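**Q** Quick one: structure below, then a few questions.
The values are calculated or read from the model by the stated rules, or taken from the named source; none is laboratory data. As the structure is a prediction and not an experimental result, all values here were calculated from the model. No Cβ is skipped: glycine too gets one built from the backbone with ideal geometry, and neighbour counts run over all protein chains shown.
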Amino acid sequence: MKKVFIAIAALFQLSTAFAQDKSGLLNHYYEVKDALVSGNSSAASTAASAMIASANSSTDKAVQAAKDKLIADAQQIATGKDLAQQREQFKQLSTDMYTLAKTTKLSEQPVYQQYCPMKKAAWLSSSNAIKNPYFGSQMLTCGKVSDTIQ
């Protein structure tokens, strides 16, 4: 009986670790998005570096499959100093994160895909309120929710 209990506890810890891998990656993505919304290039760089570290340390199979793309996308933002270039690279990072979100559960909370028709680009958000990372304060509420991932 004791061995069964230990095995169940170990499985629970393992599944919790996998969930944290994915949610950590998503949280760092949200930090990049929020930094771009506020027009803070330095914070976007820092958050993208944290996202790279999270992807590298993840043991989740779905994250591992997407890891090279995510790291390449985030690396461009992490090393970039120009806000416009970071925002441009964010398009691809968002596309790759959306693909990952559609194939694996990244969060217990809904993940909203939002779309900016002016930039013809999407991003992910934890909220259905629009805060556009491509234009920041210039067009903060430009966009719409185009998909909700449960």
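**Q** For region 98-115, what are the residues that are in contact with a helix residue (DSSP H, G or I) (Cβ under 8 Å, 6 or more places away or on another chain) and surrounded by 17 or more Cβ atoms within 10 Å (Cβ to Cβ)?
**A** Result: 100, 101, 106, 107, 111, 113.
**Q** Can you confirm whether residue 122 is among the small types (Gly, Ala, Ser), modelled with pLDDT of 95 or more, more than 16 Å from residue 27 (Cβ to Cβ) and buried (at least 18 other Cβ atoms within 10 Å of the Cβ)?
**A** It is true that residue 122 is among the small types (Gly, Ala, Ser), modelled with pLDDT of 95 or more, more than 16 Å from residue 27 (Cβ to Cβ) and buried (at least 18 other Cβ atoms within 10 Å of the Cβ).
**Q** Test residue 141 against the stated conditions and say whether it is among the polar types (S, T, N, Q), touching a residue at least 24 places away in the same chain (Cβ under 8 Å) and loosely packed, with under 14 Cβ neighbours inside 10 Å.
**A** Numbers: among the polar types (S, T, N, Q): yes; touching a residue at least 24 places away in the same chain (Cβ under 8 Å): no; loosely packed, with under 14 Cβ neighbours inside 10 Å: yes.
Judged against the criteria, residue 141 is not a match.
**Q** Answer with yes or no whether residue 131 is touching a Lys or Arg at 6+ places or on another chain (Cβ under 9 Å) and surrounded by 16 or more Cβ atoms within 10 Å (Cβ to Cβ).
**A** Spelling it out, residue 131 is indeed touching a Lys or Arg at 6+ places or on another chain (Cβ under 9 Å) and surrounded by 16 or more Cβ atoms within 10 Å (Cβ to Cβ).
**Q** Determine, yes or no, whether residue 7 is at pLDDT below 95, loosely packed, with under 11 Cβ neighbours inside 10 Å, in a helix (DSSP H, G or I) and not β-branched (Val, Ile, Thr).
**A** Working: at pLDDT below 95: yes; loosely packed, with under 11 Cβ neighbours inside 10 Å: yes; in a helix (DSSP H, G or I): yes; not β-branched (Val, Ile, Thr): yes.
Yes: the conditions hold for residue 7.
**Q** Just wondering, is there one or more residues in region 59-72 that are under 23 Å from residue 143 (Cα atoms) and either touching a His at 6+ places or on another chain (Cβ under 6 Å) or at pLDDT 90 or above (or both)?
**A** The answer is no; no qualifying residue exists.
**Q** Sticking with this one: Go through (1) touching a residue at least 60 places away in the same chain (Cβ under 8 Å); (2) surrounded by fewer than 19 Cβ atoms within 10 Å (Cβ to Cβ); (3) not hydrophobic (A, V, I, L, M, F, W, C) one by one and return the number of the condition residue 56 breaks.
**A** Here residue 56 clears every test but (1).
**Q** I would also like to ask the following. Has region 20-28 got at least one residue that is farther than 19 Å from residue 105 by Cβ and modelled with pLDDT of 95 or more?
**A** no
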